[in-house]
Structure formats: C-alpha cells, structure tokens
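Laboratory data are not the source of any read-out in this text; all were calculated from the coordinates shown. Quick caveat, the model's predicted, so the values are computed rather than measured. Using ideal geometry, Cβ is built from the backbone for each residue, glycine included, and neighbour counts are taken over all protein chains shown.
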Amino acid sequence: MSKIKPSIVLVHGSWADGTSWQHIIPLLIQAGYNVTAVQNPLISLPDDIATTKRAIDSQPEPVVAVGHSYGGAIITGAAVGSPQVKALVYIAGWALAPGDSISQLIGKYPPPPLVTAIVPDAGGFLYIDREKFDEVFAHDVSTAEAQVLAVAQKPAASITFDQSVESAAWQTIPSWYLLAQEDRAINPELQRFMASRIGAKITEIQASHMSYISRSREVANLIFEAASSAVE
C-alpha cells in the first residue's frame, strides 16, 4: 500500500505573495502533492500566523510547511501545537526563537546590502527600492522576471520586523533549512546560525535570496526530502 503524500503549504515572505512560488508549484503538483500557497497580508506577524494557521488547519494530515524568508517566521508560529505538521522547511528563512525579532537578529551580524535598499511609503509600509531590487534580492534571476518581482512586490508593515513568537514550532517538529550562500538579504552566516540553532538538516546552495526562483529544482528536491520523511 502506497504512503499518503503530505499536503505542502507554501508561505511567502516580505515583498512577495503566493505567486512567487510559481516555479515550485508545478514541480510539486507533477509529483502528486496537494499544494496550497498562502496569501499573507504582511500587516503584522500575528495576523500572518493566523492566516497561515487557517491554511494549515484546512489540510488533511500530514502537512509540510515551507517558509521563505519572513515566511520562516510565520511557519515558526503557525505550526505550534499542530498535530498535522510533520516537517518544517526554511528557504533562507527566519527561524525565530521565542523572544527573537528579525530586527534583533539582523543586528547580530554585519548587515546585508538589502538594509540600505529599503524605503518606506507614505503609510510606513516598507518597499525595496526598485532600482536596487535586482542587486540586493534577485541577482541570479532573469532580468525580466526580476523586473516583474520588483514592480509587483507586496509592501510589508514595518512592525513585522520587530515582532516575535511566544513558542517555536521547530522545538517539536523536524526541520530542514536551505542556506543561500550568495544571499544579499539575509547574511548567510546568520542563516547558518539559525539553522544550526534549530537542529535543522542544512543544505547549502549557491543562490540569491530568491533561490526558489533561480534554483527551483533544488528547492523542490529539498521539499520532497522533507515530505518523504513526514510519512515515514
């Protein structure tokens, strides 16, 4: 009797939405997985956690939760206490510990180029300067696609970078971490610190912050690995 394939819940980060997984989704579907890409509002970490938790709770067991960048912070909170979630996959993700904030962790290592490219709008939401988007966020993505990502980027409320989680799902759920060695948005050494701290199985790849676009096959393979473990 064949094993039931887990559902895959994909969680985007700041300055993106669910469609940013467009290279990963077909690979997962072709492999027979049920896939949901969450659309988070990016207005606060608790709101994004609640939105993602609803998506997780609506899935049949088991579930693999995948978070890119800020999406890592979201799955860290959203999967807490969920008997459905069997694996966490961080794609250059923020693996927060209780009491951590993204802003605090950034301060522990030399700041990445992204820090100087963030600009606020009139309402205090944050964007990446379009002229710098390619350089600091997606330098290994095609020019045409990077332009679309820059134009369509979803702004993030500044408060999201200062909020934390009360509990961390990785404390009880097995985790995988894809470390982007050429990341200019999150210092790779900070990624290594977070991945090691949570006891994740670490895979390193030569890629920008947008590895799930530029190296989609390798990212999908890591998700497959976690998914296989989830049903063992």
(request) Could you give the size of the charge dipole of segment 96-178 about its Cα centre, using +1 on the Cβ of each K and R and -1 on the Cβ of each D and E, expressed in debye and rounded to the nearest 20? (result) 120 debye
(request) Once you've got the Cα coordinates, tell me which of Lys5/Lys154; Lys5/Lys108; Lys86/Lys132; Lys108/Lys201 are over 29 Å apart. (result) Lys5/Lys154; Lys5/Lys108; Lys86/Lys132
(message) Compute the angle between helix 45-57 and the longest alpha-carbon principal axis of the chain, please, reported from 0 to 90 degrees and rounded to the nearest 10.
(response) 30 degrees
(request) Would you look at the GNM of the chain, springs on alpha carbons closer than 10 Å, and say which of Gly32, Gly18, Gly77 moves the most? (result) Gly32
(request) Can you grab the distance from the C-alpha centre of segment 162-199 to the C-alpha centre of segment 63-127, Å, no decimals? (result) 8 Å
(request) Counting helices only, and only those DSSP H runs with n ≥ 4, report the 222 nm mean residue ellipticity of the chain as the sum of -39,500 (n - 2.57) divided by its residues, in deg cm²/dmol to the nearest 500. (result) -10000 deg cm²/dmol
(request) State the antiparallel share, in %, of DSSP beta bridges confined to the chain, rounding to the nearest 5. (result) 15 percent
(request) Could you pull out which residues in segment 49-83 have an amide N less than 16 Å from a spot 7 Å beyond the Cα of Val231, following the Cα-Cβ vector? (result) 59-65
(message) What FRET efficiency comes out for Glu182 versus Ile4 if R0 is 30 angstrom and r is the Cβ-Cβ distance? Round to the nearest 0.05.
(response) 0.25
(message) Can you compute the FRET efficiency between Ser196 and Ser44 using 1/(1 + (r/R0)^6), with r the Cβ-Cβ distance and R0 = 25 Å? Round to the nearest 0.05.
(response) 0.30
(message) Only four residue types carry charge here, +1 at the Cβ of Lys and Arg and -1 at the Cβ of Asp and Glu. Report the dipole size of the chain about the Cα centre in Debye, rounded to the nearest 20.
(response) 500 debye
(message) Given Cβ point charges of +1 (Lys, Arg) and -1 (Asp, Glu) and nothing else, what value in debye, to the nearest 20, does the dipole of segment 159-204 about its Cα centre take?
(response) 160 debye
(message) How far apart, in nanometres, would the label points at Glu189 and Val119 be if each is projected 7 angstrom from Cα along the Cα-to-Cβ direction?
(response) 3.0 nm
(request) Using a 10 angstrom cutoff on alpha carbons, build the Gaussian network for the chain and name the most mobile of Asp129, Asp48, Asp183. (result) Asp129
(request) Be a star and scan segment 16-55 for residues whose amide nitrogen sits under 17 Å from the point 7 Å along the Cα-to-Cβ vector of Ala144. (result) 22-23
